[in-house]
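What follows is a short report on a single structure.
The values are calculated or read from the model by the stated rules, or taken from the named source; none is laboratory data. Everything numeric here is computed off the predicted structure, so don't read it as measured data. Because the Cβ atoms are built from the backbone with ideal geometry, glycine has one as well, and the counts that use them run over all protein chains shown. Note: accessible area is taken over every heavy atom of the protein model, side chains too, but ligands, DNA and RNA are not part of it. Shrake-Rupley method; radii C 1.70, N 1.55, O 1.52, S 1.80 Å.
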Amino acid sequence: IKKINSEFNIYSLSRKKLKEDNIIKNYKTNFFSKNFEKFKYFFKNLKFSYVIFFIADQANFKGNLLNIENKKIFNVLTSNCIFSIKFTYYLIENNFIKKNSKIIFFSSKSGSISERGRKKHHKRKGSHLYRASKSLLNSFVKNLAFEYSLKTISFICFDPGWVNTKSAKGKISIEIAAHRFVKFMKKINKKHSGKFLNYRFN
């Protein structure tokens, strides 16, 4: 937020109230709500150049997937994918998106179907639900890019790498990850729409 605040006016939706001074407006919302009409008042007369979905439920449920309630599975899929996709449709259909805008969805290589089981750090157990939610997100974004291919909007899935956050404890610092992402978001264009990319555009 600090890195892009000098160039953009930032509006945020979040599950809990944010304490960032750099955000002009923050709207606390329930990702399971079916009522998007309330956002017409929050976004009145706005048109966005960038929309960034940075949502992750790590789905760290203990035990066998067989024992996880369907409601919990649905909640993870909604948080990590379904809300973002439905809200994207809402923004486009209600004309809140500028021409040549970029809509970026933070994803993860853990959602890669082709790579599963090929890396040394992969375990036979683990958060299958989290991986499946990211695979679903990647598929939806590909479909969005095709559905709106005649528009000038770009839809991109972004892999930030293994970042050292509270939940992930990765090897990449938040500062480096943020710097890489800002450079990435400024370079993307229509030819990247529908792709799953990291900061190197790989």
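For segment 153-177, filtered to residues that are at pLDDT below 90, within 18 Å of Ile55 (Cβ to Cβ) and among the aliphatic types (A, V, I, L, M), the residue that is least open to solvent (accessible area, probe 1.4 Å) is Val163. Checking segment 104-126 against the condition returns a match, with at least one residue being at pLDDT 95 or above and not in a loop (DSSP other than H, G, I, E, B).
For residues that are in contact (Cβ under 8 Å) with a residue 24 or more places away in the chain and among the small types (Gly, Ala, Ser), scanning just segment 133-152, find the one that is surrounded by the fewest Cβ atoms within 10 Å (Cβ to Cβ). Only one residue fits best here, namely Ser149.
Apart from one condition, Thr88 fits all of (1) under 25 Å from His192 (Cβ atoms); (2) open to solvent by 20 Å² or more (accessible area, probe 1.4 Å); the exception is (2). Sub-8 Å Cβ pairs linking a first residue in segment 1-20 that is acidic (Asp, Glu) to a second residue that is surrounded by 12 or more Cβ atoms within 10 Å (Cβ to Cβ), at least 6 apart or interchain, are Glu20/Ile1; Glu20/Ser12; Glu20/Asn26, ordered by first then second residue. Among the residues of segment 20-73, none is identified as touching a His at 6+ places or on another chain (Cβ under 7 Å) and at pLDDT 85 or above.
When Phe155 is tested against (1) in contact with a strand residue (DSSP E or B) (Cβ under 7 Å, 6 or more places away or on another chain); (2) in a loop (DSSP other than H, G, I, E, B), only condition (2) is not met.
Is it the case that some residue within segment 34-54 is in contact (Cβ under 8 Å) with a residue 24 or more places away in the chain and either touching a Cys at 6+ places or on another chain (Cβ under 9 Å) or among the polar types (S, T, N, Q) (or both)?
yes
Of the residues that make up segment 78-88, is at least one under 18 Å from the mean Cα position of the chain (by Cα) and aromatic (Phe, Trp, Tyr)?
Looking only at segment 78-88, we keep the residues that are under 18 Å from the mean Cα position of the chain (by Cα), and these are 78-88.
Now restrict to residues that are aromatic (Phe, Trp, Tyr): 83, 87.
So far as segment 78-88 goes, yes, one or more of its residues are under 18 Å from the mean Cα position of the chain (by Cα) and aromatic (Phe, Trp, Tyr).
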